[in-house]
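**Q** Can you keep this structure in mind? I'll have questions shortly.
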Amino acid sequence: MIDSLLRKPGGFRNYRFQEALFPRLVFRKAWEQLQEWHSPRRADILYLQILRLAAYTLEKNVAIALELLVQNGQAWSMQEVEHLLEPEPIAVPVIETGAVELDVYDQLLGDFAHACP
């Protein structure tokens, strides 16, 4: 449904069940802030993109990101929401490997070959 509203963003503003598209209070607050900073059409598009992000990721994580941005009170963008959802990179440990001595394996195979009749 969100994708269809994105194709016709004016439909969101006049949507009969618009209240159902605010899964948490912070989503409504975010939409209200977007209306202050953007034209009605642009605010609707940005909000619908946030809803789509919540639908394709975890709504809880999007809500947490919005909470941080809404509390700040300054204008924010969709990119900032997405950035807050990015996981912290995990440091990959450096593993040192020693030289492999294949002579040991050759000897083992030779011993095994003599043991088998």
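**Q** Look at Leu69 and say whether it is surrounded by 13 or more Cβ atoms within 10 Å (Cβ to Cβ) and either out of contact with any His (no Cβ under 8 Å at 6 or more places or on another chain) or at negative phi (or both). Spell out the reasoning first.
**A** Working: surrounded by 13 or more Cβ atoms within 10 Å (Cβ to Cβ): yes; either out of contact with any His (no Cβ under 8 Å at 6 or more places or on another chain) or at negative phi (or both): yes.
So Leu69 fits the description; yes.
**Q** Got a sec? Which helices (runs of 4 or more DSSP H) wholly within the stretch 1-52 have at least 2 residues that are under 18 Å from Glu82 (Cβ atoms)? Show your work before the answer.
**A** Working: elements: 2-7, 10-13, 25-37.
Once the helices (runs of 4 or more DSSP H) in the stretch 1-52 are filtered for at least 2 residues that are under 18 Å from Glu82 (Cβ atoms), what remains is 2-7, 25-37.
**Q** Kindly indicate whether any position in the stretch 60-78 is more than 24 Å from Ala20 (Cβ to Cβ), in contact (Cβ under 8 Å) with a residue 12 or more places away in the chain and assigned to a helix (DSSP H, G or I).
**A** The answer is yes; a qualifying residue exists.
**Q** Only one of these is surrounded by 14 or more Cβ atoms within 10 Å (Cβ to Cβ), at negative phi, among the hydrophobic types (A, V, I, L, M, F, W, C) and over 11 Å from the mean Cα position of the chain (by Cα): Ala63, Ala91. Name it. So that I can check it myself, show each step before the final result.
**A** Working: Ala91 fails: surrounded by 14 or more Cβ atoms within 10 Å (Cβ to Cβ).
One residue alone meets the criteria, Ala63.
**Q** Further question on the same structure: Need pairs with beta-carbon distance below 7 Å; first residue at negative phi and within the stretch 14-26, second of a type in the set (D, E, K, R) and surrounded by 10 or more Cβ atoms within 10 Å (Cβ to Cβ); sequence gap 6+ or separate chains.
**A** From the stretch 14-26, the pairs are Phe22/Arg28; Pro23/Glu59; Val26/Glu67.
**Q** Could you say which residue among Tyr56, Tyr47 is hydroxyl-bearing (Ser, Thr, Tyr), surrounded by fewer than 17 Cβ atoms within 10 Å (Cβ to Cβ), modelled with pLDDT of 90 or more and closer than 30 Å to Glu88 by Cβ?
**A** Details: Tyr47 fails: surrounded by fewer than 17 Cβ atoms within 10 Å (Cβ to Cβ).
Just a single option satisfies the conditions, and that option is Tyr56.
**Q** Mind checking whether some residue in the stretch 86-96 is assigned to a helix (DSSP H, G or I) and either under 23 Å from Asp3 (Cβ atoms) or at pLDDT below 90 (or both)?
**A** Taking the stretch 86-96 as the starting set, the residues that turn out to be assigned to a helix (DSSP H, G or I) are none.
Scanning the stretch 86-96 turns up no residue that is assigned to a helix (DSSP H, G or I) and either under 23 Å from Asp3 (Cβ atoms) or at pLDDT below 90 (or both).
The values are calculated or read from the model by the stated rules, or taken from the named source; none is laboratory data. This one's a predicted model, so the numbers in the text were calculated from it and none came from an experiment. Here the Cβ is made from the backbone with ideal geometry for all residues, glycine too, and neighbour counts use every protein chain on show.
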